[in-house]
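Participant: Please read through the structure below; I'll follow up with questions.
Since every read-out is calculated from the coordinates, none of them should be taken as a lab result. Bear in mind the structure is a predicted one, so any value in this text is a computation, not a measurement. Every residue, glycine as well, gets a Cβ built from its backbone with ideal geometry; the counts of neighbours run over all protein chains shown.
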Amino acid sequence: MSTPASVERFDVSEFLQREAQEHRAVVEATMQDLPQPFAQTLDIWEKAIRRGGKLLLFGNGGSAADAQHIAAELVIRYKSNRSAIAAIALTTDSSTLTACANDFGYETIFSRQIEALAAAGDVAVGISTSGSSPNVLAGLREARKRKVTTTGLTGGDGGSMRDLCDALVIVPSRTTARIQEGHIMIGHMLCKALEIRLELV
């Protein structure tokens with residue numbers, strides 16, 4: 001069986017260099033505008049936790065994985081053993097997610113949980129690479145309706161999340177993979193900074 005011509009022409013070293021360069025360019029562009037929204041997000045998270053609130057994180061696909069990843073870092077630990085930080089990923093309860101999608105529609109899977117779980121002093125954390133995911137926007141709208149502070153991680157120009165987040169971190173790229181790489185990097189930095197600000201490290 002012959003090797004396809006496209007495979008023969010594929011240069012692994014060139015491919016890796018191209019991907020790494022694109023990643024570096026996005027990271028550098030992100031860092032230019034990151035200090036202000038990062039500080040705003042960190043302040044909101046810290047105040048909520050100090051006052052007994054919790055973080056409610058949600059997103060779809062890779063962003064769902066990021067929501068779970070960040071919540072786990074906060075509840076368990078990021079750098080060292082310390083007191084637990086209250087965080088819940090709204091992407092993990094398969095019965096709730098499927099019942100809601102079946103009975104009310106997929107766009108309501110986060111807003112319904114915000115309605116049930118969010119309380120004054122909590123923070124809703126929406127994650128969407130496009131800034132336009134209907135169910136993430138619905139969750140943020142429900143949070144706003146309930147006077148819950150909102151923060152977000154997104155990409156591109158921020159999309160509709162610009163109008164729904166009290167603090168919004170934007171990775172300035174249109175490539176989903178590069179945005180997701182930026183999101184988990186920023187998520188890790190938020191976890192570490194929050195531990196330091198809470199004097200838990």
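Participant: Quick check on this structure: which one of A72, A101 is under 21 Å from Q180 (Cα atoms) and free of Cβ contacts under 8 Å to residues at least 24 places away in the same chain?
Facilitator: Residue meeting the stated conditions: A72.
Participant: Take the residues of segment 170-179 that are buried (at least 22 other Cβ atoms within 10 Å of the Cβ) and part of a helix (DSSP H, G or I): which is farthest from the chain's Cα centre (by Cα)?
Facilitator: R178
Participant: In addition: Can you spot a residue in segment 53-70 that is of a type in the set (F, W, Y) and under 13 Å from the mean Cα position of the chain (by Cα)?
Facilitator: Within segment 53-70, one or more residues are of a type in the set (F, W, Y) and under 13 Å from the mean Cα position of the chain (by Cα).
Participant: Restrict the check to segment 127-138 and report whether at least one residue is polar (S, T, N, Q) and closer than 13 Å to L57 by Cβ.
Facilitator: The answer is yes, given that some residue of segment 127-138 is polar (S, T, N, Q) and closer than 13 Å to L57 by Cβ.
Participant: Test V125 against the stated conditions and say whether it is touching a residue at least 60 places away in the same chain (Cβ under 8 Å), within 30 Å of F104 (Cβ to Cβ), part of a helix (DSSP H, G or I) and among the hydrophobic types (A, V, I, L, M, F, W, C). Even if it seems obvious, please write down each step before you answer.
Facilitator: Details: touching a residue at least 60 places away in the same chain (Cβ under 8 Å): yes; within 30 Å of F104 (Cβ to Cβ): yes; part of a helix (DSSP H, G or I): no; among the hydrophobic types (A, V, I, L, M, F, W, C): yes.
No; evaluated as a whole, the condition is false for this residue.
Participant: What are the residues in segment 186-201 that are out of contact with any Asp or Glu (no Cβ under 7 Å at 6 or more places or on another chain) and buried (at least 17 other Cβ atoms within 10 Å of the Cβ), if any?
Facilitator: Across segment 186-201, the qualifying residues are I186, L190, A193, E195, L200.
Participant: What single numbered condition from (1) touching a Leu at 6+ places or on another chain (Cβ under 9 Å); (2) among the β-branched types (V, I, T); (3) part of a loop (DSSP other than H, G, I, E, B) fails to hold for T92?
Facilitator: Looking at each condition in turn, T92 falls short on (1).
Participant: Another question, then. Can you tell me which residue among A101, A116, A120, A138 is exposed (fewer than 15 other Cβ atoms within 10 Å of the Cβ) and part of a helix (DSSP H, G or I)?
Facilitator: So the residue among A101, A116, A120, A138 that is exposed (fewer than 15 other Cβ atoms within 10 Å of the Cβ) and part of a helix (DSSP H, G or I) is A116.
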